[in-house]
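The values are calculated or read from the model by the stated rules, or taken from the named source; none is laboratory data. Note that the structure is predicted; figures quoted are calculated from it, not measured. With ideal geometry, Cβ positions are generated from the backbone for all residues, glycine too; neighbour counts draw on all protein chains shown. We work out accessible area using only protein heavy atoms, side chains counted, and drop any ligands, DNA or RNA first. Shrake-Rupley method; radii C 1.70, N 1.55, O 1.52, S 1.80 Å.
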Amino acid sequence: MLEHSDLQAIRDIMKEEIGRSENLLKDIIKTEIGGSENLLKDIIKTEIGRSENLLKDIIKTEIGRSENLVLNEVDRVQENLETKMEQLKRNMDELTQYYRTVKLDHENNALFLQMIQEIKKEVNELKMKIA
């Protein structure tokens, strides 16, 4: 049979071996977890970068499409305004011509009335001479 001191020595050796095994397992687990963390970080970083690039491309495309829509609408509005401005200019030219004609008519009428008054005056003077 084993003596108490032998049993104690075996216990001490077992305790020491279990401690070494625990430390070895802790080191292995720590290394593996660290490796997994780094691998996950790299994968996440890559996926986030890919997602960012994809979002940038989508946003760039959508902004370009929106810009084109806005520019097309601005062009359409500009064409409409230019057409309306041309029509307005034609109308203004026509009105200017009309008012020139009316002004000339008024001047002619004023001259005609003046001539009639002068003729009346002369007729009255002649009536006075005859009478």
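Details
Condition check ((1) open to solvent by less than 90 Å² (accessible area, probe 1.4 Å); (2) acidic (Asp, Glu); (3) without any contact (Cβ under 8 Å) to a residue 24 or more places away in the chain) across all residues:
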residue: LEU55; (1), (2), (3): no, no, yes
residue: ARG65; (1), (2), (3): no, no, yes
residue: LEU69; (1), (2), (3): no, no, yes
residue: GLU73; (1), (2), (3): yes, yes, yes
residue: GLU82; (1), (2), (3): no, yes, yes
residue: LEU88; (1), (2), (3): no, no, yes
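- MET1 satisfies every condition listed in (1) surrounded by 10 or more Cβ atoms within 10 Å (Cβ to Cβ); (2) at pLDDT below 90 except (1).
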